[in-house]
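What follows is calculated from the coordinates using simple rules that are stated; it is not laboratory data. Predicted model only: the values in this text are computed from it and were never measured. So basically every Cβ, Gly included, is an ideal-geometry build from the backbone, and we count neighbours across all protein chains shown.
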Amino acid sequence: MFSAFEWMLAMRYLRARRQEGFISVIAWFSLLGIGLGVATLIIVMSVMNGFREELLNRILGINGHLSVAAQSRTLSDYEPLRERLEGLPGVIAVSPLVEGQVMATHNNAAQGAVVRGLEPEDLLSRELVATNIVAGDLGEFGSKDSIVIGRRLAHKLGVPVGGNINLISPKGTVTAFGTVPRMKTYRVVALFDIGMYEYDSGFIFMPLDAAQIYFSMKNGISNLEVFLDDPGNAPSMTRDVLKVAGPATLVHDWQRANASFFNAIQVERNVMFLILTLIIVVAAFNIISSMIMLVKDKGSDIAILRTMGATRATIMRIFFISGTSIGVIGTLGGFVAGLAFAANIETIRQWIQGLTGSELFAAEIYFLSQLPAVVDPVEVTAVVLMGLGLSILATLYPSWRAARTDPAEALRYE
């Protein structure tokens, strides 16, 4: 399609001589702009994907895919309902849960927390917690006074494994002198660190029977957590679960419970994509300007080539190769740089933190303790194709203008 002669001239025009230095500078900035835009888009999209996936894995690793609760807030006589739900196709487990808010105190330190009462075997089956025990032994979980807390919560309270913390519930006992907050001491048997700040700093796991006693639920629970073989089927399973549970219950799926959170991530992701795409667009305009200036500067060369027998198509292909080469090299450079940065983003973050002495990814703000990145091949392909497409479009007009140059007019003004 392109001859060796056309490639030779195109590459020659990209190497600036002294009087063409400014044109070359613009071309280099165009190349760097496209490379920066492509790399930044790949990095940002990968981080947003990683952020969403990590949050999703942690949310589903702690919570059920469907939640069945009573309208009266306490679900009594839940075992028959549990058996019926376990018989539904697609349901792999049903776990009873007692949940309540407390104030945890130890040595004059206090911190709000959420208590989740689970059967010991249910806690062991949740791999996100069971595989992230950093201190203590989860095998001791089960006695009446045993609890498992997050590492960050233990750090805030200053309590070690084997230490005791006091739990104070705002729903206390009504007496003649008013409501007295319920308070009880529990022993910490293990610490977990799943990498999500909200859970590591605010969750306490307690045996189900102990939680029922503490929150005065007798044989009742807060809700049943239903786990499915495919979490994506949760919305479609809601109707089937509601038929089995009956009209006196409320059924919520994990997508609806976290809809506002994940919608915010999606909106932010789309906005970032549009903003960063402008970098590539600006670089494409730089290609147009540099190529138009090159065409104007090479007017006499074009005229000579035309008088020697070069066709308009040949002239157009020469400048098309010159302009497109800038976009292709920039896009491929940005592609390689973006993938390399995304693959080592946590190492780079740690290096920058050590160099500057500041925290770049605070877990209190971003929920996660590490900066995640998940590269989506489809998105990367779309970004690369967009960079190449804009580069080609930016080259068409200058190339067409070069091909339309009148040799007589070009030589007259030389």
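The count of lysine pairs in the chain whose Cα atoms are under 25 Å apart, excluding pairs fewer than 8 places apart on the same chain, comes to 9. When the chain is described by a simple charge dipole with +1 on each Lys and Arg Cβ and -1 on each Asp and Glu Cβ, the residue from V148, S216, T395 located farthest towards its positive end is T395.
Quick check: residue separation of A340 and K296 times 0.36 nm, minus the Cα distance between them. What number comes out in nm? If you can, show how the numbers build up before the last one.
Details: separation 44, 0.36 × 44 = 15.84 nm, distance 3.90 nm.
Once the chain is fully extended between A340 and K296, it gains 11.9 nm.
Using a Förster radius of 60 Å, what is the FRET efficiency between A248 and A135 based on their Cβ-Cβ separation? Nearest 0.05, please. Walk me through the intermediate numbers first.
Details: r = 43 Å, r/R0 = 0.71.
For R0 = 60 Å, the calculated efficiency reads 0.90.
Here the Karplus curve 6.51 cos²θ - 1.76 cosθ + 1.60, taken at θ = phi - 60°, turns the phi angles of the stretch 270-285 into couplings of 5, 5, 4, 4, 5, 5, 6, 5, 4, 4, 5, 5, 4, 5, 5, 5 Hz, with x standing for Gly and Pro. Across the stretch 131-136, coupling constants 3J(HN,Hα) worked out from phi with the 6.51/-1.76/1.60 Karplus curve, θ = phi - 60°, read 8, 10, 7, 9, 7, x Hz, and Gly and Pro carry x.
Over the chain, all Cα pairs binned in 10 Å intervals from 0 give whole-percent P(r) values of 4, 17, 19, 17, 12, 10, 8, 7, 4, 1, 0, 0, listed from short to long.
Once R0 is set to 41 Å, what does the formula 1/(1 + (r/R0)^6) return for the Cβ-Cβ distance between V271 and R187, expressed as a FRET efficiency to the nearest 0.05? Efficiency for this residue pair is about 0.25. With a Förster radius of 56 Å applied to the beta-carbon distance between N258 and R312, the computed FRET efficiency rounds to 0.40.
To the nearest 20 Debye, how big is the dipole of the chain about its Cα centre, given +1 on the beta carbon of each Lys and Arg and -1 on that of each Asp and Glu? Kindly include the intermediate steps, with their values, before the conclusion.
Working: 33 positive and 36 negative charges, 304 e Å.
Computed about the Cα centre, the dipole is about 1460 debye.
Of the listed peptides 280-293, 76-89, what is their order by residue-averaged count of other C-beta atoms within 10 Å, with the highest listed first?
On the way: 280-293: 20.6, 76-89: 13.2.
Ranking the peptides 280-293, 76-89 by packing returns 280-293, 76-89.
The DSSP beta bridges internal to the stretch 93-243 are antiparallel in roughly 75% of cases. Spatial offset of the stretch 55-76 relative to the stretch 260-316 amounts to 52 Å, using the alpha carbon center of each.
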